[in-house]
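The values are calculated or read from the model by the stated rules, or taken from the named source; none is laboratory data. The shown structure was predicted, so the numbers you read here are calculated from the model rather than taken from an experiment. Virtual Cβ from ideal backbone geometry, glycine too; neighbours counted across all protein chains shown.
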Amino acid sequence: MAAAVDLRGDFTAHDLRRLARASRDARQTRRLLSLSAIYDGASRTEAAKIGGVGLQIVRDWVIRFNTEGPDGLIDRKAPGQTPILNDAQRSALARAVEVGPTPYLDGVVRWRLVDLVQWVFEEFGTSVSRQTLGRELRAMGYRKLSARPQHYAQDPDAIEAFKKRISSRAGSNQGKPRARHRGRNLVAG
């Protein structure tokens, strides 16, 4: 069994209770009261019961209290997972998206997520999923846009002629009833 870690000597049980009263963090208060019980001569098991935790956690609190003082008993935000791309890589990715692909080098005429995943792997040696890269690009302010599809054999002259034909028909009958509906008027006029 490991020896108990001693508490630092520059605090007393009264000091910890006073800090617990002044604290606005409930978890820190609970930890301070547990440690004040140890200062008063209670066993670590009794301190664990006061704190509502196990012995190992009380030991962790003692170690944190000894190294950082009462502020070490405040919960800190977990650092989370480190980002896959650093700032330099993000700026290089943004430049690549803005400039667009070079067809003879990149083998594509427009960027898709799968193409950008491959580009990131070739440039930085970093393997990243499509979903993650899409999330990164969205966080950088980019949105997925796709052009309206257009048939390769579409004739622009035929489109203009069709538009003119439709607009000339629509403009000639405005305000006049159609011939087949003339007899259906309720009021003669």
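The residue list Ala92, Ala158 contains one member that is surrounded by 10 or more Cβ atoms within 10 Å (Cβ to Cβ), over 30 Å from Gln28 (Cβ atoms), among the small types (Gly, Ala, Ser) and not assigned by TED's automatic domain parsing to the domain that holds Arg24, which is Ala92.
Can you say whether Val108 is in a helix (DSSP H, G or I) and surrounded by 13 or more Cβ atoms within 10 Å (Cβ to Cβ), as far as the supplied structure shows? Against the criterion (in a helix (DSSP H, G or I) and surrounded by 13 or more Cβ atoms within 10 Å (Cβ to Cβ)), Val108 does not qualify.
Filtered by the rule that a residue be in contact (Cβ under 8 Å) with a residue 40 or more places away in the chain and surrounded by fewer than 15 Cβ atoms within 10 Å (Cβ to Cβ), region 111-131 gives a lone residue, Thr126.
Specify which of the listed residues (Trp111, Trp61) is more than 30 Å from Arg31 (Cβ to Cβ) and of a type in the set (A, V, I, L, M, F, W, C). Step by step, each of Trp111, Trp61 is checked, and only Trp111 is more than 30 Å from Arg31 (Cβ to Cβ) and of a type in the set (A, V, I, L, M, F, W, C).
Between Arg24, Arg76, which is over 30 Å from Arg135 (Cβ atoms) and charged (D, E, K, R)? Break it down into steps so the answer makes sense when it comes.
Working: Arg76 fails: over 30 Å from Arg135 (Cβ atoms).
After applying the criteria, what remains is Arg24.
Do we find a residue being closer than 30 Å to Arg27 by Cβ, among the β-branched types (Val, Ile, Thr) and not in a helix (DSSP H, G or I) anywhere in region 114-131? Checked region 114-131: no residue is closer than 30 Å to Arg27 by Cβ, among the β-branched types (Val, Ile, Thr) and not in a helix (DSSP H, G or I). Does region 86-107 contain any residue that is farther than 29 Å from Arg138 by Cβ and in contact with a Lys or Arg (Cβ under 6 Å, 6 or more places away or on another chain)? There is no residue in region 86-107 that is farther than 29 Å from Arg138 by Cβ and in contact with a Lys or Arg (Cβ under 6 Å, 6 or more places away or on another chain).
For region 69-114, give me each residue that is among the hydrophobic types (A, V, I, L, M, F, W, C) and within 30 Å of Ser36 (Cβ to Cβ). So that I can check it myself, show each step before the final result.
To start, the set of residues in region 69-114 that are among the hydrophobic types (A, V, I, L, M, F, W, C) comprises 73-74, 78, 84-85, 88, 92-94, 96-97, 99, 105, 108-109, 111, 113-114.
Listed by number, the residues that qualify are Leu73, Ile74, Ala78.
Yes/no matrix, rows are residues, columns are (1) surrounded by fewer than 18 Cβ atoms within 10 Å (Cβ to Cβ); (2) acidic (Asp, Glu); (3) not assigned by TED's automatic domain parsing to the domain that holds Glu68:
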site	(1), (2), (3)
Ala4	yes, no, yes
Ala22	yes, no, no
Gln28	no, no, no
Arg31	no, no, no
Leu35	no, no, no
Ser43	yes, no, no
Glu46	yes, yes, no
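With the requirement that a residue be aliphatic (A, V, I, L, M) and touching a Gly at 6+ places or on another chain (Cβ under 8 Å), what does region 81-115 give you? It would help to see each step written out before you state the result.
As a first pass, look at region 81-115 and keep what is aliphatic (A, V, I, L, M): 84-85, 88, 92-94, 96-97, 99, 105, 108-109, 113-114.
Within region 81-115, just Leu113 meets the criteria.
If only one of Phe65, Phe11 is in contact with a Gly (Cβ under 7 Å, 6 or more places away or on another chain) and not charged (D, E, K, R), which one is it? Don't jump to the end; show me each part of the working.
Details: Phe11 fails: in contact with a Gly (Cβ under 7 Å, 6 or more places away or on another chain).
Every option except Phe65 fails the conditions.
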